Amino acid sequence: MNIFKGTIITCDKDDNVYKYLVEDEGEIVFTGNELPDIYKNIDITDLKSKALIPSFCDSHTHFASYAYFASALDIRNINNFNELETEVKKYVSETNNKYIFGFGASENSVEEKILVDRSILDNILNDRPLMLVKYDGHACILNTKMLEKLPKKISKLRGYNRNSGQLFHEAYFAAVDFLSGKVTPLALMRNLQNGIDNLARNGISILHTVEGVGFPLDLDVDLVRFAGRGQKNPFQVRVFFQTLDINKVIKRKLPRIGGCFANALDGCFGSLDAALIQPYTNDSSNKGILFYEDKEIVDFTKKANRAGLQIQLHAIGDAAFKQAVLSLEEALIDFPRDDHRHSIIHACLATDSDLEKCGKSGIAIAAQPSFLHWPLEPFEYIENIIGDRIYNISPYRKMLDMGIRVAGGSDAPCTLPDPIDGIYSVCNHYVPEQSITIQEALKMFTYEGAYLSFDEHNRGSLEVDKIADMVILNKNPLIMDPEKLKELKVEELFLSGKKYKYNQSIPRLIFEGIKGRKKKI
């Protein structure tokens, strides 16, 4: 039994803040301002100036990718190509991997202000295949050795450019699908466990992940589920299968379908292929790319909705958002469902009329507030490519006022899975009137995330009879200046009332994964 005294931020429907919380055998048995006599002789943890809140949920990640890149070459913080060369050579000297993968290439954060290309990579490394994924996860750059490894059919796809070694659009997706198979299952399992530990350090206990990026037999989907089942800590993993083939999902008895890649309706701002209603400001001939015709997506959503699946679609530009809303609305007209919890990922640029439709149809948004203050894709860059439309990006205040359910996430590995950074960002929107309150931001990364995966009856808020998944923060966020929210730190994560234990062994993970194969992930 644990008794906590101090600031207990419940994140419940009434935004209650209490003085006491009692946990017993993994469940919350009391919350309130006067401790009952039956608990008076039990040791109490005095929070003092700290706060107890529900553990966090990350409502959108590419977890297998994040877990791999967290242990691979990370170039997000380089300032120029000289530093890139230093980092690549240092990493290569420390690994025997036949294939070198890195993440975080950006033309916006380096002094040269251009995207690295094949010739630069060849000068850095010419004896091992090298691929750098762009920071937005929608393009990559390959050296000659890596290009030579690709199947010839990829060279025929849109977005392939051998001269530059830069791959976009379908060519990029196909290359990632192919090269994902070069990561061994054992390496992936080791990375997944390290990744879960990293999430726990940031207070995350519920993970929504989109999987299905080309591993043979969709191995990433199964291994991520396996890793979730095998946790000695009761960490929660909810998998969305990135596919248009609903039979793959039904075969695995998964309740969710969608994500990015196969379920991406457009690209992104970083690669200038987010689908827009009006052209890009810096290129009047470019409206981005819609990857599918309306009919293709409507047919898919109708089938998935009729199958009882929860659907997620990637849409960044307003034209893609319009297509996503259209397809989900058509699916619900075809086969009405009161509690479908379909959602749109990102929803960066959207018209008011389409947002209103989301509110009326119960279409939720899996949002990434950290995009608002993203050094790899800064304000100046977005303003240059879409002009004044930048002030319509991610209008979170408007979304909530329209009754839309908005859950917070990171899109890891694009931004790091750090809910505190997301909370800071959504409370400090660069359009001040689109900022939300600290209480609303906390709920966006706790209760709303749990709601989006049908977990709200057991998790997401600190209420009696719910599971005691909780985080101690070093400060009380409700009395902080929003501009100082980055000072918040996660001090401890409790899952079912017990402190999270790190560094689970891989053999144990495999054993527990087999033993827990009946768990729903």
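The values are calculated or read from the model by the stated rules, or taken from the named source; none is laboratory data. The model shown is predicted, which means the values in this text are computed figures rather than measured ones. A quick note on method: Cβ atoms are made from the backbone with ideal geometry, for glycine too, and the neighbour counts reach across all protein chains shown.
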Mind counting the residues in the stretch 161-185 that are assigned to a loop (DSSP other than H, G, I, E, B) and within 27 Å of the chain's Cα centre (by Cα)?
5
Taking the condition of being touching a residue at least 60 places away in the same chain (Cβ under 8 Å) and either in contact with a strand residue (DSSP E or B) (Cβ under 7 Å, 6 or more places away or on another chain) or not in a loop (DSSP other than H, G, I, E, B) (or both), how many residues in the stretch 19-51 meet it?
13
If I ask for residues that are closer than 22 Å to N108 by Cβ and of a type in the set (F, W, Y), which ones from the stretch 359-409 would you list?
F371, W374, F379, Y381, Y391
Unmet criterion (only one of (1) closer than 26 Å to A70 by Cβ; (2) surrounded by 19 or more Cβ atoms within 10 Å (Cβ to Cβ); (3) not aliphatic (A, V, I, L, M)) for H429
(1)
Does N41 satisfy being more than 30 Å from D411 (Cα to Cα) and modelled with pLDDT under 95?
yes
Could you check how many residues of the stretch 98-121 are out of contact with any Lys or Arg (no Cβ under 8 Å at 6 or more places or on another chain) and either under 21 Å from L150 (Cα atoms) or of a type in the set (A, V, I, L, M) (or both)?
9
Within the stretch 216-227, does at least one residue satisfy the condition of being among the aliphatic types (A, V, I, L, M), free of Cβ contacts under 8 Å to residues at least 60 places away in the same chain, closer than 30 Å to N305 by Cα and in contact with a Leu (Cβ under 7 Å, 6 or more places away or on another chain)?
no
Residue satisfying condition, being aliphatic (A, V, I, L, M) and surrounded by fewer than 19 Cβ atoms within 10 Å (Cβ to Cβ), within set I250, I344
I250
Could you tell me which of the residues D127, D136, D122 is part of a loop (DSSP other than H, G, I, E, B), acidic (D, E) and more than 23 Å from I316 (Cβ to Cβ)?
D127
Just a yes or no: is a residue in the stretch 396-414 of a type in the set (S, T, Y), surrounded by 20 or more Cβ atoms within 10 Å (Cβ to Cβ) and in contact with a Phe, Trp or Tyr (Cβ under 8 Å, 6 or more places away or on another chain)?
no
Residue among L199, L265, L207 that is closer than 30 Å to F379 by Cβ, in contact with a Pro (Cβ under 7 Å, 6 or more places away or on another chain) and buried (at least 24 other Cβ atoms within 10 Å of the Cβ):
L199
A careful count of residues in the stretch 74-109 that are in contact (Cβ under 8 Å) with a residue 40 or more places away in the chain, in a strand (DSSP E or B) and among the hydrophobic types (A, V, I, L, M, F, W, C) gives 2
Subset tally (residues that are under 21 Å from H62 (Cα atoms) and over 8 Å from the mean Cα position of the chain (by Cα)) for the stretch 392-413:
4
Selection within the stretch 98-154 - among the polar types (S, T, N, Q) and closer than 26 Å to T184 by Cβ
N126, N143, T144
Go through the residues of the stretch 21-40 one by one and say whether even a single one is within 22 Å of L478 (Cβ to Cβ) and of a type in the set (K, R).
no
Only one of K232, K153, K134 that is more than 18 Å from the chain's Cα centre (by Cα) and modelled with pLDDT of 90 or more
K153
Qualifying positions in the stretch 245-274 - closer than 23 Å to L167 by Cα and in a loop (DSSP other than H, G, I, E, B)
L265, D266, G267, C268, F269, G270, S271, L272, D273, A274
In the stretch 397-480, which helices (runs of 4 or more DSSP H) lie fully inside it and hold 2 or more residues that are of a type in the set (V, I, T)?
419-427
Search the stretch 66-90 for residues being hydroxyl-bearing (S, T, Y) and under 26 Å from the mean Cα position of the chain (by Cα), and hand back the single one that is surrounded by the fewest Cβ atoms within 10 Å (Cβ to Cβ).
S71
If I ask for residues that are among the aliphatic types (A, V, I, L, M) and surrounded by 15 or more Cβ atoms within 10 Å (Cβ to Cβ), which ones from the stretch 323-341 would you list?
A324, V325, L326, L328, A331, L332
Need at least 1 residues that are closer than 18 Å to P395 by Cβ per element, so show me which helices (runs of 4 or more DSSP H) inside the stretch 289-369 make the cut, counting only ones lying wholly within it.
318-334, 352-361
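Table: residues versus (1) in contact with a Cys (Cβ under 9 Å, 6 or more places away or on another chain); (2) at pLDDT below 95; (3) closer than 29 Å to K134 by Cβ.
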| position | (1), (2), (3) |
| --- | --- |
| Y396 | no, no, yes |
| V406 | no, no, yes |
| P413 | no, yes, yes |
| N428 | no, no, yes |
| T437 | yes, no, no |
| T446 | yes, no, no |
In the stretch 437-482, anything acidic (D, E) and under 17 Å from E27 (Cβ atoms) is listed as D455, E456, E463, D465, D469
